[in-house]
Amino acid sequence: MKALRAGPTMPAYFVGHGNPMNAIQRNAYTEAWSAIGRGLARPRAVLVVSAHWYLPGTWVTAMRAPRTIHDFGGFPRELYEVVYPAPGDPALARDVQEMLAPVAVGLDESWGLDHGAWSLLVHFFPDASVPVVQLGIDETRTADFHYELGRRLSALRDDGVLVIGSGNLVHNLHAYAWGGHPAEPFDWALRFERRARELLLAADHRPLVDYESLGRDAILSVPTPEHYLPLLYVLGLRREGEAVSFPVEGIDGGSVSMLTVRVG
């Protein structure tokens, strides 16, 4: 890997991305994402770990011009017309491959940017001028594996790379209030989010990695792992003594946490 450039250390974010419609809506969540983007020093590049690239193996996008993927169904035509033409960064992809060795990391030329990436980035960096690379989540590996990959990527923060984990701390679509109907948050969702926030503030990562040990609230909040695991990458990027804050809060549809976690 090349020598790191001098400059301020970038923060890292876990962002609850929620409904794909957030890409084209103005609401409290999207306004907050825009404010985060305006407040950041311009990154050299962005590395996104998205819940929506969940597959066997570890892959990183390595194309120069990643396509915009509309990986959902049943939404208004306006959403399918969104294009986020950010450039890729093949050199960063190779750096990530090297940093994660001996884990075998494939250089992907076919995926692109899924909505876990672009539905946020259209608000963070609306001019699409910052290069973006995605890192896939290996569905065959344990939570510990993903936390460790985050730890190995820590040096990227000193090289001007903004790392974003895109998922949702609580993500139970079976309980979600579809159709735009307002819904009070479920008690189990509130309790799990509250417990996770306490552990984050205490820098007590182990129970968050072993999230199933947190009981029934965790099982209901994380019925499948793909939206939770991006958080573990961001936890791995956290350094001793670094502050954690929550610049975006809320639970959508009763069962999807929109919590954003900032590290650094």
When residue 51 is evaluated against the numbered criteria (1) open to solvent by less than 10 Å² (accessible area, probe 1.4 Å); (2) in contact with a Pro (Cβ under 8 Å, 6 or more places away or on another chain); (3) farther than 30 Å from residue 106 by Cα, which criterion, by number, is the only one it fails?
(3)
Residue 86 fails exactly one of (1) under 29 Å from residue 142 (Cα atoms); (2) of a type in the set (A, V, I, L, M); (3) crowded, with 21+ Cβ neighbours inside 10 Å; (4) in contact with a helix residue (DSSP H, G or I) (Cβ under 8 Å, 6 or more places away or on another chain), namely (1)
Open to solvent by less than 40 Å² (accessible area, probe 1.4 Å), more than 16 Å from residue 109 (Cα to Cα) and of a type outside the set (Asp, Glu): does that describe residue 74?
no
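Could you please give the count of residues in the stretch 224-248 that are among the aromatic types (Phe, Trp, Tyr) and surrounded by 24 or more Cβ atoms within 10 Å (Cβ to Cβ)? Give the steps one after another, and end with the answer.
At the first step, the residues of the stretch 224-248 found to be among the aromatic types (Phe, Trp, Tyr) are 228, 233, 246.
The next check asks that each one be surrounded by 24 or more Cβ atoms within 10 Å (Cβ to Cβ); those that pass are 228, 233.
So the count comes out to 2.
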Of the numbered conditions (1) in contact (Cβ under 8 Å) with a residue 60 or more places away in the chain; (2) among the hydrophobic types (A, V, I, L, M, F, W, C); (3) in contact with a Leu (Cβ under 8 Å, 6 or more places away or on another chain), residue 234 satisfies every one except a single condition; which is it?
(3)
The stretch 211-254 - residue that is assigned to a loop (DSSP other than H, G, I, E, B) and among the acidic types (Asp, Glu) and, of those, nearest to residue 151 (Cα to Cα):
240
So, of the residues in the stretch 34-71 that are closer than 16 Å to residue 113 by Cβ and touching a His at 6+ places or on another chain (Cβ under 6 Å), which turns out to be modelled with the lowest pLDDT?
71
Cβ-Cβ under 7 Å, sequence separation 6+ or interchain: first residue in the stretch 4-15 and at pLDDT 90 or above, partner of a type in the set (Lys, Arg). Which pairs?
9/157; 10/157; 11/262; 12/157; 13/262
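Evaluate the following for residue 8: is it assigned to a loop (DSSP other than H, G, I, E, B) and surrounded by 22 or more Cβ atoms within 10 Å (Cβ to Cβ)? If you could, list the steps in order and put the result at the bottom.
Numbers: assigned to a loop (DSSP other than H, G, I, E, B): yes; surrounded by 22 or more Cβ atoms within 10 Å (Cβ to Cβ): no.
So residue 8 fails the test.
Let's see how each residue does on (1) out of contact with any helix residue (DSSP H, G or I) (no Cβ under 8 Å at 6 or more places or on another chain); (2) at negative phi:
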| residue | (1), (2) |
| --- | --- |
| 14 | no, yes |
| 41 | yes, yes |
| 57 | yes, no |
| 81 | yes, yes |
Restrict the check to the stretch 180-195 and report whether at least one residue is open to solvent by less than 20 Å² (accessible area, probe 1.4 Å), of a type outside the set (Lys, Arg) and more than 18 Å from the chain's Cα centre (by Cα).
yes
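Table: residues versus (1) surrounded by fewer than 20 Cβ atoms within 10 Å (Cβ to Cβ); (2) β-branched (Val, Ile, Thr); (3) within 17 Å of the chain's Cα centre (by Cα).
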position	(1), (2), (3)
92	no, no, no
102	yes, no, no
109	yes, no, no
141	yes, no, no
153	no, no, yes
159	no, no, no
163	no, yes, yes
Can you tell me which of (1) part of a strand (DSSP E or B); (2) in contact with a His (Cβ under 8 Å, 6 or more places away or on another chain) is the one residue 13 doesn't meet?
(2)
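The values are calculated or read from the model by the stated rules, or taken from the named source; none is laboratory data. Everything numeric here is computed off the predicted structure, so don't read it as measured data. For neighbour counting, all protein chains shown are included, and Cβ atoms are generated from backbone atoms with ideal geometry for every residue, glycine included. Areas reflect the complete protein model, heavy atoms only, side chains present, ligands, DNA and RNA absent. Shrake-Rupley method; radii C 1.70, N 1.55, O 1.52, S 1.80 Å.
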